[in-house]
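All remarks here apply to the structure that follows.
The values are calculated or read from the model by the stated rules, or taken from the named source; none is laboratory data. Quick caveat: nothing in here was measured; it's all calculated off a predicted structure. Virtual Cβ from ideal backbone geometry, glycine too; neighbours counted across all protein chains shown. Please note that ligands, DNA and RNA were not included when accessible areas were found on the heavy atoms of the full protein model with its side chains. Shrake-Rupley method; radii C 1.70, N 1.55, O 1.52, S 1.80 Å.
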Amino acid sequence: MLDKPECHEAPWSRSNHLGNGRMGEANNYTWQLPYFPSGNTYNCVVRVRYNISTDDYDPYHTNATHNKNIVKGVRSPVQQNPYVEIGAGHSPLRLAINTAQFGRTFQDRSHVFVLRPRPSDINDATIYNLNVRGKRGNIVQVYPAVEYDFFPTNLKMKENDLVHIQWTGSNSHNNGAPAGDGQAGDAGEGTPGTDRNNMVQIQDMSENYPVPFEQSGMWNAEIKWIYHNDKSMSAKDLAVNMATSGYYKCAACGGADSAEQRTKVNNLLNNAPASYEGAVLKFKKGKYLYACTRNNNFTNRSQKGTITVQ
């Protein structure tokens, strides 16, 4: 028997600021993914709807029977660009009301994803999903979406909690004319039309250069699961794997996918995978700062994040 769905008021957001809340971060809903103890893999569908409501008419008791009908004498409670008197004689002002966008569903999208069974040793652990939102392009081209961003941007977790770092991308991003609500184009680094992400440790959120591995501590984490199944890899191997979005399996572990033997990774990750299944990690106590080397164009966009283990 499924639990009752949650239903509560959406948090405040400033109009026309793409869902940013009071603290400057995107409003969001923390969704606890369903857990299936059967050990089977399941295909799941999530449907996201973005509705706009208004109190200019009674939203709960207004329906299609209230549409304008001259024959039946029905007058719609909402008029297109209505005029209002302001007490200045015959000098009304016109309101900007488009009835096609007044109290309606703006977005209705469905996505399919896979829920895989957990490894037996982390069956009862709390696992946070750390991934990438947004898409390729500048702020005008991606509208009404956003530019690349790690999410949760500032993740706070307890010492025994785990985090699954992963992301998805595409090699065929097409934002040509008419380009929807924004402008056409896909400004960004690397091969046009491609998504790439990676993760390197930084020392300060105001800085853009990664920390040399010898001075880093982020990747001294316990690997609970990783896509290639080798949980014994060193901290340096894990750092190299994250920095190359999985192009190199490791720094010097031998094999065709190591940095020692594989063809050199492109410095803009053009030959790296667009999607990365990643790893489930247990970090030590501390605060870790990180960035993406390809998309963190410091002049006009920032792709950085923090993990705080308390």
Matching residues, region 196-208, being among the hydrophobic types (A, V, I, L, M, F, W, C) and open to solvent by 30 Å² or more (accessible area, probe 1.4 Å): MET205
Can you name every residue in region 23-40 that is under 16 Å from LEU162 (Cα atoms) and either aliphatic (A, V, I, L, M) or surrounded by 10 or more Cβ atoms within 10 Å (Cβ to Cβ) (or both)? LEU33, TYR35
Can you report the number of residues in region 21-37 which are closer than 23 Å to LEU2 by Cβ, of a type in the set (S, T, N, Q) and free of Cβ contacts under 8 Å to residues at least 60 places away in the same chain? 2
Residues being under 23 Å from ASN51 (Cβ atoms), hydrophobic (A, V, I, L, M, F, W, C) and assigned to a loop (DSSP other than H, G, I, E, B): count how many of those fall in region 71-109. 5
Filter region 130-144 for residues that are modelled with pLDDT under 95 and within 17 Å of GLY305 (Cβ to Cβ) and give the result. ARG133, GLY134
Has region 145-154 got at least one residue that is closer than 29 Å to ASN295 by Cα, out of contact with any strand residue (DSSP E or B) (no Cβ under 9 Å at 6 or more places or on another chain) and modelled with pLDDT of 90 or more? yes
Among residues of region 23-48, those that are of a type outside the set (Gly, Ala, Ser), modelled with pLDDT under 85 and out of contact with any Cys (no Cβ under 8 Å at 6 or more places or on another chain), counted: 5
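Residues that are more than 15 Å from the chain's Cα centre (by Cα) and either of a type in the set (D, E, K, R) or surrounded by fewer than 16 Cβ atoms within 10 Å (Cβ to Cβ) (or both): which strands (runs of 3 or more DSSP E) entirely in region 139-195 hold 1 or more of them?
Qualifying strands (runs of 3 or more DSSP E): 154-157.
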Subset tally (residues that are touching a residue at least 12 places away in the same chain (Cβ under 8 Å), of a type in the set (A, V, I, L, M, F, W, C) and either assigned to a loop (DSSP other than H, G, I, E, B) or out of contact with any helix residue (DSSP H, G or I) (no Cβ under 6 Å at 6 or more places or on another chain) (or both)) for region 247-264: 4
Restricting to region 228-256, count the residues that are surrounded by fewer than 16 Cβ atoms within 10 Å (Cβ to Cβ) and of a type in the set (D, E, K, R). 2
Quick one: count up the residues across region 209-227 that are open to solvent by less than 40 Å² (accessible area, probe 1.4 Å), part of a loop (DSSP other than H, G, I, E, B) and free of Cβ contacts under 8 Å to residues at least 60 places away in the same chain. 3
